[in-house]
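Novice: A single structure is presented below for examination.
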Amino acid sequence: MPVNFKIDSSIASFVDKSTLLKVLTCLDESEIETPCLIIDGDKVRRNASVIGSNIKECKVFYAVKANPDLEILRILNNEGIGFEIASGGELQLLSELGVEPDRIISSNPVKTFNFLRYAGQYGVNRFSFDSYDEIDKIAEFIPGAKVYVRLAVPNDGSEWPLTNKFGVELDDALALLLTAQKKGLVSEGVTFHVGSQCTNLYNWNIALDKAKLLWSMSETAGIKLNLLNLGGGYPIKYTKSVLSIQKIERHINVLLKDRFPDTKHIHLEPGRAMIGDAGIIVSRVTGKAKRGDENWLYIDIGVFNGLMESVGGIRYSYIFEARNIEGKKRGWTLAGPSCDSFDVIDKNLISVEPRVGDLVLILSGGAYTTSYASKFNGFSLPKTIVI
Ligand SMILES: *Cc1c(COP(=O)(O)O)cnc(C)c1O
């Protein structure tokens, strides 16, 4: 059944037109069940070819937690992208695709026993750490493994900060590298994460300055580091334009030339930027209500079955079906389907009034949506369709 959507000019200015067109064509041609996530495979391939291309000699490892759908992993595997994982479950998926162990790294600084055992059997050999207990664990399960220490760096200006939970300061980082070396591991380098959806270029300056200091301190202490892992953090467009990946990478590349002229091993671990803007969620309006002054709009995907990041401040752009194109715009409180009052996605969505039963597209929905989704309250998980 042909569908017709009202696309605001403000949205049209930053959405990937070919991805949107492919999704609209798909909706025209087939009846789909909502909620679902439609992934544009070509856009994933385009992202894979752009990311890392402006940083000299870097290797890209996709952070699987952003979206572990097997078809997506298959596409990235065929593009020659490596993988960054944290668990046995993620490694199991890669094993189904036959991914070689030297194309897999794990940057989770605190790993489970089961994962380390499985990773050791599989042949994975590169791990991050930031504590003494982790050194002992890695040395027990994977003697001689290559390790890199996680530095704490500022996450200011990142919409989804990843600071506090992991990372150490310089003196501790050096002491950890020395201890790892003593326990038979190979202290190879350093990693950091500037925060997810990072729109502050300066975070990379501070992180690279800090990494450079650790480099010199290690050299003085007798360890020659040669692996610089830049983490993830590249932003995508949700409700506004962001710095392009090319711009960010050219900026990073200049910093690298200056601070790490001889470093051969540069690793990148993008999650969000690889898959986020390749996906569009298709949902349906299930109800409307006026409560006091507030206009409530209910849809069949919410905080629990896919839009978890809205709780941390990620806001999405929406395109509604245009059956009510004449309506005036107003503010809506947008809520998910569950009975939990926590299940509110947006407090002030400006839109014309859709009809109950209309479809709604949620843009840039490919990352940290389906991977977070739970079956709380019995609502279905969004199915992933790769086109
Ligand atoms: C989540 C994560 C990433 C990916 O981050 P994005 O912001 O999605 O690019 C990379 N590295 C580590 C260690 C992570 O935990």
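Just so you know, all these numbers are worked out from the coordinates, no wet-lab data involved. Since the structure is predicted, the reported quantities are computational estimates derived from the model, not experimental observations. For neighbour counting, all protein chains shown are included, and Cβ atoms are generated from backbone atoms with ideal geometry for every residue, glycine included.
Novice: I want to check the label-to-label distance for THR239 and SER49. Put each point 7 Å from Cα in the C-beta direction and report it in nm to one decimal.
Specialist: Here the modelled spin labels are 3.4 nm apart.
Novice: Give me the percent of DSSP beta bridges within segment 52-269 that run antiparallel, rounded to the nearest 5.
Specialist: On the way: 2 of 27 bridges.
Antiparallel: roughly 5 percent of the beta bridges in segment 52-269.
Novice: How charged is the neighbourhood of HIS251? Take every other residue with its Cβ under 12 Å from the Cβ of HIS251, and add Lys/Arg as +1 and Asp/Glu as -1. Please report the intermediate quantities before stating the final value.
Specialist: Values: positive: LYS247, ARG250, LYS257; negative: GLU249, ASP258.
Within the 12 Å Cβ shell, the charges total +1.
Novice: Give me the net charge of ASP133's neighbourhood, meaning all other residues with Cβ under 12 Å from the Cβ of ASP133; Lys, Arg count +1, Asp, Glu -1.
Specialist: On the way: positive: LYS111, LYS137, LYS183; negative: ASP130, GLU134, ASP136, GLU140.
Taking every other residue near ASP133 into account, the sum is -1.
Novice: Once phi is turned into θ = phi - 60°, what whole-Hz ³J(HN,Hα) does the Karplus curve with 6.51, -1.76 and 1.60 give for every residue of segment 133-146, x standing for Gly and Pro?
Specialist: Coupling constants for segment 133-146: 4, 5, 4, 4, 4, 5, 5, 6, 7, 9, x, x, 5, 8 Hz.
Novice: Here's something else I'd like to know. Based only on other Cβ atoms within 10 Å, what is the fewest-to-most ordering of LEU334, LEU256, LEU349?
Specialist: Numbers: LEU334 25, LEU256 22, LEU349 17.
Going from sparsest to densest Cβ surroundings: LEU349, LEU256, LEU334.
Novice: By how many nm would the segment from ARG250 to ASN164 grow when fully extended, if each residue of separation counts as 0.36 nm and the alpha-carbon distance is taken off? Numbers along the way, then the final one.
Specialist: Values: separation 86, 0.36 × 86 = 30.96 nm, distance 2.83 nm.
Stretched fully, the ARG250-ASN164 segment lengthens by 28.1 nm.
Novice: With charges set only on the Cβ (+1 for Lys and Arg, -1 for Asp and Glu), what does the dipole of the chain come to about its Cα centre, in debye to the nearest 20? Display every interim value, and only then the final one.
Specialist: Values: 44 positive and 46 negative charges, 106 e Å.
Rounded to the nearest 20 debye, it is 500 debye.
Novice: Could you run the Karplus curve 6.51 cos²θ - 1.76 cosθ + 1.60 with θ = phi - 60° over segment 44-51 and give me ³J(HN,Hα) per residue in whole Hz, x for Gly and Pro?
Specialist: Couplings: 4, 5, 5, 4, 4, 7, 7, 5 Hz.
Novice: In segment 162-250, which GluC sites (Glu not before Pro) fall in coil by DSSP and have 13 or fewer other Cβ atoms within 10 Å? Please list the in-between numbers first.
Specialist: Working: sites: GLU169, GLU188, GLU219, GLU249; in loops: GLU169.
Here the sparse-neighbourhood loop sites are GLU169.
Novice: Can you tell me the order of 196-202, 260-266 when each peptide is scored by its average per-residue count of other Cβ atoms within 10 angstrom, highest first? It would help to have the intermediate numbers written out before the result.
Specialist: Working: 196-202: 20.6, 260-266: 13.6.
Highest mean packing first, the order is 196-202, 260-266.
Novice: I've got another one for you. Around ILE385, which amide H atoms from residues at least 5 apart in sequence, or from another chain, sit under 5 Å from its own amide H, with H modelled in the peptide plane?
Specialist: Answer set, sorted by chain and number: LEU37, ILE38, ILE39.
Novice: Arrange SER310, SER380 by Cβ neighbour counts within 10 Å, fewest through most, would you? Don't jump to the answer; show the numbers that get you there.
Specialist: Working: SER310 20, SER380 15.
Ordered from fewest to most neighbouring Cβ atoms within 10 Å, SER310, SER380 come out as SER380, SER310.
Novice: Here's something else I'd like to know. Over the chain, what relative contact order in percent results from Cα pairs under 8 Å that are six or more residues apart?
Specialist: Details: 856 pairs, mean separation 81.1, N = 387.
Once divided by the residue count of the chain, the mean separation gives 21 percent.
Novice: Applying the Karplus parametrisation 6.51 cos²θ - 1.76 cosθ + 1.60 with θ = phi - 60° to the phi angles of segment 329-336, what ³J(HN,Hα) value in whole Hz is obtained for each residue in order, glycine and proline being reported as x?
Specialist: Working through the residues one at a time gives 6, 8, x, 10, 9, 9, 10, x Hz.
Novice: Now for a separate question. Could you point to the residue in CYS58, LEU174, GLY184 farthest towards the positive end of segment 52-269's charge dipole, with +1 and -1 charges on the Cβ of Lys/Arg and Asp/Glu respectively?
Specialist: CYS58
Novice: Something else about it: Take the Cβ-Cβ distance between SER10 and GLU96 as r, set R0 to 41 Å, and report the resulting FRET efficiency rounded to the nearest 0.05.
Specialist: Working: r = 42 Å, r/R0 = 1.01.
In this case the efficiency is close to 0.50.
Novice: Let me check the size of the chain from its C-alpha atoms; what are the radius of gyration and Dmax in Å?
Specialist: Spelled out, the Cα radius of gyration and Dmax of the chain are 22.2, 72 Å.
Novice: Continuing with this model, one more query. Using Cα pairs closer than 8 Å and at least 6 residues apart in sequence, work out the relative contact order for segment 195-285, in percent. Walk me through the numbers on the way to the answer.
Specialist: Working: 82 pairs, mean separation 36.6, N = 91.
Reported as a whole number, the value is 40 percent.
Novice: Next question. Using amide H atoms built 1.01 Å from N in the peptide plane, name the residues 5+ places from ASN108, or on other chains, whose amide H lies under 5 Å from its own.
Specialist: SER128
Novice: Treat the count of other C-beta atoms within 10 Å as a stand-in for reagent exposure and order LEU297, LEU20, LEU178 from fewest to most. The partial results should precede the final answer.
Specialist: Numbers: LEU297 23, LEU20 19, LEU178 15.
In order of increasing Cβ crowding within 10 Å: LEU178, LEU20, LEU297.
Novice: Right, something else. Between MET217 and LYS375, what length in nm is gained on full extension when 0.36 nm per residue of separation is reduced by their alpha carbon distance?
Specialist: Net length gain for the segment: 52.0 nm.
Novice: Hey, what number do you get for the chain at 222 nm if only DSSP H runs of n ≥ 4 count, each worth -39500 (n - 2.57), divided across all residues, to the nearest 500? Intermediate values should be presented prior to the final figure.
Specialist: On the way: 11 runs with 116 residues, N = 387.
Estimated from H runs of four or more residues: -9000 deg cm²/dmol.
Novice: Also, I was wondering about something else. In segment 322-371, which chymotrypsin sites (Phe, Trp or Tyr not before Pro) fall in coil by DSSP and have 16 or fewer other Cβ atoms within 10 Å? Before the final figure, lay out the partial values.
Specialist: Details: sites: TRP332, PHE342, TYR368; in loops: PHE342, TYR368.
Here the chymotrypsin sites (Phe, Trp or Tyr not before Pro) that fit, given the DSSP loop and packing criteria, are PHE342.
Novice: List the residues whose amide H sits under 5 Å from the amide H of ALA152, counting only those 5 or more places along or on another chain, with H placed 1.01 Å from N in the peptide plane.
Specialist: Amide H neighbours of ALA152: VAL168, GLU169.
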